[in-house]
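Here the structure is laid out as structure tokens; the discussion comes afterwards.
Here, each number is a calculation from the coordinates, and none is a lab measurement. Here the structure is a predicted model, which means the values were calculated and not measured. For neighbour counting, all protein chains shown are included, and Cβ atoms are generated from backbone atoms with ideal geometry for every residue, glycine included.
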Amino acid sequence: MMVNLSILKNGKAKAFRLLILEAICNALECQPGDILEYRPDQDSEV
């Protein structure tokens with residue numbers, strides 16, 4: 001779990017398992033929207 005948190009914190013994660021999100025939300029007693037923010041990829045064109 002600590003490795004996953006480190007990867008997320010450092011911005012190196014390309015994806016993560018929903019189980020990790022669930023564990024974070026349980027620990028912080030929050031909802032996913034409280035800790036996630038959508039940022040469009042600067043390199044992709046829509």
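Quick look at the numbers
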{"read-out": "Among 33-41, 2-10, the order from most to least packed when residues are scored by Cβ within 10 Å on average", "value": "2-10, 33-41"}
{"read-out": "Volume of the Cα convex hull of the chain, divided per residue and given in Å³", "value": "90 Å³"}
{"read-out": "Value at 222 nm in deg cm²/dmol, rounded to 500, when DSSP H runs of n ≥ 4 in the chain each add -39,500 (n - 2.57)", "value": "-13000 deg cm²/dmol"}
{"read-out": "Fewest-first ranking of Leu21, Leu28, using other Cβ atoms within 10 Å as the exposure measure", "value": "Leu28, Leu21"}
{"read-out": "From phi via Karplus (6.51, -1.76, 1.60), per-residue ³J(HN,Hα) for region 2-8 in Hz, x at Gly/Pro", "value": "4, 5, 4, 5, 4, 4, 5"}
{"read-out": "Lys, Arg +1 and Asp, Glu -1 on Cβ, resulting dipole of the chain about Cα centre, debye, nearest 20", "value": "260 debye"}
